[in-house]
Amino acid sequence: MQQIIDRSFIGEGIVHARLYGTQDPLLPFGNCDIFNISFATDRKALPNYMGGGGNRNVRERVTDVTSSVGFYDLTAENIALVTRSTIQMAPTAAIPDEAHVSKGVALELIPFKYLPDLTKTVVVKTAGGDPLEVGTDYQLVPHGIQVLSGGDIDATGITVSYTPRPSSVVQMLNGSQKELELYVAGLNDAQSGEPFTLRARRVKFGMLQEFAVLGQEYAKLTGPAELLSDPLVTAAGISKFCQMDLVEPA
């Protein structure tokens, strides 16, 4: 009797990416819980009209090859990929006398243009140039300042001098779709960490459906994508879409 070998599969691993058609380094997306591939087909059947039922012939053609990736590391690059965004870098040099409007209302938040580095000096003045006191007129918060009751901040505005924190600025819906090459460096957890690989040759990411900016669970970006035919693959017997390498059982 032929021995039956257990080939059950629980995949885990790291999804890497680079721009399609380049030799850029393959860089990881980070912590991803899912990588799925789905197939849609167009099926046309020719019924058997000669008696007996069934079909005389059938043709099934692949119409769409889609994927989804679950990102738990909310880097600027991952967010930009699924929100069709561009990325800018905030300046790190000190900014003098940045002007802001104000109403002088208690608890009013006055956010700075960039996230301030609170380990460095922050100077707040009235529009007329008079110094304002932390703890009396305002309190520092990670995003700027918050107005205190009874202080000297009024409706004439303020200026702030501060040093921005190193940060990325994601300009949402300001970019275009990108085509990537993906490489999954995987391990089969059901087979003692046996390695496998999956290479998606040409992948175009779509728009995120929902971005949980506030919530009680770890935020997750589910990036929809489509696996496109790769015209650079011309060799016979090589898939234009995807390749998976599996270890042969011992």
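Mind checking the per residue accessible area of region 152-250 for me, 1.4 Å probe, whole number of Å²? Walk me through the numbers before you get to the answer.
Values: 5990 Å² over 99 residues.
Per-residue value: 60 Å².
Using a 1.4 Å probe, how large is the accessible area of PHE112, given in Å² and rounded to the nearest 10?
20 Å²
Please get the size of the charge dipole for region 1-151, origin at its Cα centre, with Cβ charges of +1 on Lys and Arg and -1 on Asp and Glu, quoted in debye to the nearest 20.
On the way: 12 positive and 16 negative charges, 212 e Å.
The dipole magnitude comes to about 1020 debye.
Using a 1.4 Å probe, what is the accessible area per residue for region 1-73, in Å²? Each step should come with its number before you reach the end.
Working: 5460 Å² over 73 residues.
In whole numbers, region 1-73 has 75 Å² accessible per residue.
With a 1.4 Å probe and all protein chains kept in place, how much accessible area does LEU228 have, in Å² rounded to the nearest 10?
40 Å²
Leaving ligands, DNA and RNA out of it, work out the accessible area of LEU148 with a 1.4 Å probe and give it in Å² to the nearest 10.
50 Å²
Which net charge results for the neighbourhood of ASP24, defined as the other residues with beta-carbon distances under 13 angstrom from its beta-carbon, given Lys and Arg at +1 and Asp and Glu at -1?
Result for the local shell: -1.
No solvent, one uniform scatterer per C-alpha: report log10 I(q)/I(0) for region 85-145 via the Debye equation at q = 0.21, 0.24, 0.28, 0.30 1/Å, two decimals.
-0.94, -1.20, -1.59, -1.76
Given a Förster distance of 51 Å, report the FRET efficiency between GLN139 and SER8 from their Cβ-Cβ distance, rounded to the nearest 0.05.
It comes out at approximately 0.35.
Are there GluC sites (Glu not before Pro) in region 87-178 that DSSP puts in a loop and that have at most 16 other Cβ atoms within 10 Å, and which ones?
Here the GluC sites (Glu not before Pro) that fit, given the DSSP loop and packing criteria, are GLU108, GLU133.
Normalise the Cα radius of gyration of region 61-115 by 2.2 N^0.38 Å (N = residues in it) and let me know the number.
Details: Rg = 20.1 Å, N = 55, 2.2 N^0.38 = 10.1 Å.
Relative to the 2.2 N^0.38 Å estimate, region 61-115 comes out at 1.99.
Does region 37-152 come out rounded, prolate or oblate by the C-alpha gyration tensor, with a ≥ b ≥ c the root eigenvalues, rounded set by a/c under 1.5 and, if not, prolate when a/b is larger than b/c and oblate if not? Could the numbers behind the result be given before it?
Working: a/c = 5.90, a/b = 4.21, b/c = 1.40.
Verdict is prolate for region 37-152.
Using the Cβ atoms and a cut-off under 13 Å, what net charge is assigned to the surroundings of ARG165, where Lys and Arg are +1 and Asp and Glu are -1? Intermediate results must be reported in sequence, preceding the final value.
Working: positive: LYS113, LYS120; negative: ASP117.
So the environment of ARG165 carries a net charge of +1.
Express the C-alpha Rg of region 153-196 as a ratio against the empirical globular expectation 2.2 N^0.38 Å, rounded to two decimals.
Numbers: Rg = 24.0 Å, N = 44, 2.2 N^0.38 = 9.3 Å.
Taking the Cα Rg and dividing by 2.2 N^0.38 Å, one obtains 2.59.
Quick check of the Kirkwood formula: for region 109-182, what is the inverse mean of 1/r over all pairs of different Cα atoms, in Å?
On the way: mean 1/r = 0.0698 Å⁻¹.
Every distinct Cα pair counted, the radius reaches 14.3 Å.
For PHE9, what charge total do you get from the other residues with a beta carbon under 12 Å from its beta carbon, if Lys and Arg give +1 and Asp and Glu give -1? Provide the component values of the computation, followed by the final result.
Numbers: positive: ARG7; negative: ASP6, GLU12, ASP189, GLU194.
Neighbourhood net charge equals -3.
Per the Debye formula with a single identical scatterer at each Cα and no solvent contribution, what log10 I(q)/I(0) holds for region 121-250 at q = 0.09, 0.15 Å⁻¹?
-0.60, -0.94
Just subtract the alpha-carbon distance of ASN57 and THR92 from 0.36 nm times their residue separation and send over the number in nm, one decimal. Mind dumping the intermediate values first?
Values: separation 35, 0.36 × 35 = 12.60 nm, distance 6.77 nm.
Taking ASN57 through THR92 to full extension adds about 5.8 nm, to one decimal.
Could you check how many percent of all C-alpha pairs in region 1-66 are farther apart than 18 Å?
Working: 1517 of 2145 pairs.
The proportion of pairs with Cα distances above 18 Å equals 71 percent.
If you average the sequence gap of Cα pairs under 8 Å that are 6 or more apart and divide by the length of region 1-40, what percent do you get for the contact order? List each step's numbers first, then the result.
On the way: 22 pairs, mean separation 12.6, N = 40.
The normalised contact order for region 1-40 reaches 32 percent.
For q values of 0.11 Å⁻¹, compute log₁₀ I(q)/I(0) with the Debye formula on a Cα-only model of the chain, without solvent.
Relative scattering, expressed as log10 I(q)/I(0), comes to -0.81.
The values are calculated or read from the model by the stated rules, or taken from the named source; none is laboratory data. The shown structure was predicted, so the numbers you read here are calculated from the model rather than taken from an experiment. Positions of Cβ are backbone-derived with ideal geometry, glycine not excepted, and every protein chain shown enters the neighbour counts. Keep in mind that these areas ignore ligands, DNA and RNA; they rest on the heavy atoms of the full protein, side chains included. Shrake-Rupley method; radii C 1.70, N 1.55, O 1.52, S 1.80 Å.
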